[in-house]
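Chemist: Structure incoming, see below.
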Amino acid sequence: MTKKLILVVSPPACGKTYVSKKLAETLNHVVYLDKDTLIPLSKKIFEIGNEEYNRSSPFFNKHIRDLEYVVILDLAFEALQYEDLVLVNAPFTKEIRNLEYVSSLSKKLKEELNASLYFIWVNASEETCHRRMIDRNSSRDTWKLENWDEYIKGVDFSIPTPLSSKESGAKLLVFDNDHDETFVDELTKTAKILETE
């Protein structure tokens, strides 16, 4: 088995965290990282900047968003020096639609750690995501739920082309998380692929 950086991605509330944690519990020799762990630091930046806490705001996009991704990937690269699998739970919303970004990350992993890049796209419908966002009742979703029609216009539920492109150097696995009755089968299938390739 080769070392792997596994990025679990999807639009918000598709079930990334649940899928990621269940995979981490199932896999052997894995480090689990969640970008949401950085939220307390991000909240402090909002506070210092005298800004309303809104993770969809121009302030967030300008001063915080990209830095969160830099930090979580730095942690992932460090962890891969000591373990075979590192699983990162984060949306990577714009990055996964950028072929240059994906291919550069894949190349860096290969050159620095002789590791492979895997993406797990968590697939769920808009309706399922809306329901889950309401159910999880998180402060990070307040603006989204209060402005659902505006928010959802900017969400793309299609599988990003760069993830399945041969040029990217990455491998794509699709995890269907829209139906509870097939979850265990999807989990077993995905874990087997990650541990045998």
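The values are calculated or read from the model by the stated rules, or taken from the named source; none is laboratory data. Small disclaimer: the values here were computed from a predicted structure and weren't measured. Cβ coordinates were reconstructed from backbone atoms using ideal geometry, including for glycine residues, and neighbour counts include every protein chain displayed.
Chemist: Among the residues of the range 110-120, are any under 21 Å from P11 (Cα atoms) and in contact with a Ser or Thr (Cβ under 6 Å, 6 or more places away or on another chain)?
Modeler: There is at least one residue in the range 110-120 that is under 21 Å from P11 (Cα atoms) and in contact with a Ser or Thr (Cβ under 6 Å, 6 or more places away or on another chain).
Chemist: Evaluate the following for F60: is it of a type in the set (F, W, Y), at pLDDT below 95 and on the phi > 0 side of the Ramachandran plot?
Modeler: no
Chemist: Among the numbered criteria (1) surrounded by 14 or more Cβ atoms within 10 Å (Cβ to Cβ); (2) at pLDDT below 95; (3) farther than 25 Å from A191 by Cα, which single criterion is violated by T93?
Modeler: (3)
Chemist: Would you kindly identify the helices (runs of 4 or more DSSP H) lying entirely within the range 124-197 that contain at least 1 residues that are in contact with a Leu (Cβ under 7 Å, 6 or more places away or on another chain), modelled with pLDDT of 90 or more and within 26 Å of N54 (Cβ to Cβ)?
Modeler: The qualifying helices (runs of 4 or more DSSP H) are 126-136.
Chemist: Among residues belonging to the range 103-150 that are aromatic (F, W, Y) and buried (at least 17 other Cβ atoms within 10 Å of the Cβ), point out the one that is nearest to D178 (Cα to Cα).
Modeler: That would be W121.
Chemist: Quick check on this structure: which one of E25, E100, E52 is over 15 Å from the mean Cα position of the chain (by Cα) and either modelled with pLDDT under 95 or buried (at least 20 other Cβ atoms within 10 Å of the Cβ) (or both)?
Modeler: Sole residue among the options that is over 15 Å from the mean Cα position of the chain (by Cα) and either modelled with pLDDT under 95 or buried (at least 20 other Cβ atoms within 10 Å of the Cβ) (or both): E52.
Chemist: So, one more: Evaluate the range 104-112: report whether one residue or more is assigned to a helix (DSSP H, G or I), touching a residue at least 24 places away in the same chain (Cβ under 8 Å) and of a type in the set (S, T, Y).
Modeler: yes
Chemist: Looking only at the range 37-49, decide whether some residue is modelled with pLDDT of 95 or more, buried (at least 20 other Cβ atoms within 10 Å of the Cβ) and not aromatic (F, W, Y).
Modeler: No, the range 37-49 contains no residue that is modelled with pLDDT of 95 or more, buried (at least 20 other Cβ atoms within 10 Å of the Cβ) and not aromatic (F, W, Y).
Chemist: Looking at (1) in contact (Cβ under 8 Å) with a residue 24 or more places away in the chain; (2) part of a loop (DSSP other than H, G, I, E, B); (3) of a type in the set (G, A, S), which one does S116 not meet, given that it meets all the others?
Modeler: Unmet condition: (2).
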